[in-house]
1. Could you check the simple spin-label distance between Asp296 and Glu165, using points 7 Å along Cα→Cβ, in nm with one decimal?
2. Please say if the stretch 127-174 is rounded, prolate or oblate, where rounded means a/c under 1.5 for a ≥ b ≥ c the square roots of the C-alpha gyration tensor eigenvalues, and otherwise the choice is prolate for a/b larger than b/c and oblate otherwise?
3. Starting from the 7 Å offset along Cα-to-Cβ, what nm value, one decimal, do you get for the label separation of Ser251 and Asp12?
4. Each residue of the stretch 143-149 in turn: what ³J(HN,Hα) in whole Hz from Karplus with 6.51, -1.76, 1.60 and θ = phi - 60°, glycine and Pro shown as x?
5. Provide Ile299, Ile162, Ile35 in ascending order of the number of other Cβ atoms located within 10 Å of each residue's Cβ, fewest first.
6. Determine the relative contact order of the stretch 141-220: mean sequence separation of Cα pairs under 8 Å and six or more apart, normalised by residue count, in whole percent.
7. Could you please rank Ser267, Ser53, Ser204, placing first whichever residue has the fewest other Cβ atoms within 10 Å of its Cβ?
8. Would the chain count as rounded, prolate or oblate if I go by the C-alpha gyration tensor, calling it rounded below 1.5 in a/c and otherwise prolate when a/b exceeds b/c, oblate otherwise?
Amino acid sequence: MVKSGMQENKDDFKHYTVMLHEATEGLNAKGSNKIFIDATLGGGGHSKMIAQSLGEGGRLISFDVDDDAIKKASEVLKDFKNVTIIKDSYTTIPEHLKEMGIEKITGGIIFDLGASYHQLTKAERGFSFMKDAPLDMRFNKQGSLTAYDVVNTYKEGDLIRIFSEYGEERFSKRIAKAIINSRPINTTLQLADLIKKCTPKTNSKIHCATRVFQAIRIEVNNELLNFENTLNRVVKLLDSGAIISIVTFHSLEDRIAKNILKDYTKSEKCNKFKPQQNSEKGILRLLNKKPICASDEEIKENPPSRSAKLRLAQKI
Ligand SMILES: C[S@@+](CC[C@H](N)C(=O)[O-])C[C@H]1O[C@@H](n2cnc3c(N)ncnc32)[C@H](O)[C@@H]1O
């Protein structure tokens with residue numbers, strides 16, 4: 001039984017699984033013989049908990065695009081015969097299920113969005129403004145767009161838009177201008193120093209480069225659009241009674257989760273401009289109206305979990 005959310009530390013892959021119990025127990029996998037999906041396998045924390053809970057006929061199919069995550073999770077899950085690991089984007093879940101002859105997700109699906117601790121802190125992955133490395137930030141090391149490309153080839157207006165929308169950065173304009181005037185920028189620390197120089201000093205505990213780094217990461221991995229499109233597609237693949245469990249880490253992801261889930265719960269308000277969409281209304285039931293947050297105990301053990309929000313919904 002996994003007690004703590006922290007992955008064992010025999011190798012150099014570290015990740016603290018956030019809301020391990022809340023997010024997996026919400027799926028009702030205990031003793032279940034149904035099909036479950038983990039869209040964001042990571043170090044396999046949630047997957048292991050689900051695999052342990054399943055009944056003999058239950059099955060778990062887990063996705064990740066990151067080679068390091070696949071390697072770690074394959075080790076963590078090696079003794080479970082009921083788990084299939086797929087190295088591909090969760091955006092391809094419908095296609096993979098079709099290929100496997102699976103028509104419906106009968107049990108449920110979990111999304112634990114964002115980056116793993118491993119990705120954020122391993123210097124050579126190029127996500128961290130604390131450790132010098134080439135600007136990279138790809139979840140999928142085979143992906144074509146890197147943080148270097150965004151920083152060194154995007155137009156000023158696009159940088160401003162990304163920093164404002166994805167990072168909610170107040171000083172987007174002056175940071176974008178400074179980037180344009182300092183190209184090429186090769187490494188994480190070069191970028192972090194530049195941001196430090198062109199933004200005013202504040203008393204905030206948050207590093208001045210946090211928002212811009214988050215924005216670039218979201219752009220490189222197309223995080224928001226991938227999640228929005230996939231959520232819309234998988235809701236239709238859920239069988240009656242199947243549950244969707246979503247853990248988010250920032251307001252942009254949570255807003256998408258909240259709005260899409262809410263939209264599928266509405267039955268009375270028909271959209272007269274898009275009548276073809278009305279048959280899709282009222283197909284979900286929210287299991288929690290307000291998002292569930294990490295317990296005080298978990299926040300003490302893993303402070304970043306204070307930003308996590310869990311939303312659960314069930315197909316009617
Ligand atoms: C917060 S971690 C998940 C941690 C995991 N729940 C655990 O318990 O160890 C998020 C993971 O989602 C993966 N990811 C991000 N975008 C993805 C996508 N489009 N398809 C599949 N995996 C993705 C990342 O590579 C990362 O490993």
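1. It works out to 4.1 nm between the two label points.
2. Numbers: a/c = 2.04, a/b = 1.52, b/c = 1.34.
Note, shape of the stretch 127-174 comes out prolate.
3. For Ser251 paired with Asp12, the spin-label model returns 3.7 nm.
4. x, 8, 9, 10, 4, 4, 4
5. Values: Ile299 15, Ile162 20, Ile35 23.
Ranked by crowding around the Cβ, least crowded first: Ile299, Ile162, Ile35.
6. On the way: 74 pairs, mean separation 32.7, N = 80.
About 41 percent, as a whole number.
7. Values: Ser267 11, Ser53 19, Ser204 8.
In order of increasing Cβ crowding within 10 Å: Ser204, Ser267, Ser53.
8. Details: a/c = 1.88, a/b = 1.42, b/c = 1.32.
Judged from the Cα gyration tensor, the chain comes out prolate (a/c at least 1.5, a/b above b/c).
Bear in mind that the values in this text are calculations on the coordinates, not laboratory data. Since the model is a prediction, treat every value here as computed from it, not as a measurement. We place every Cβ from the backbone using ideal geometry, glycine too, and count neighbours over all the protein chains shown.
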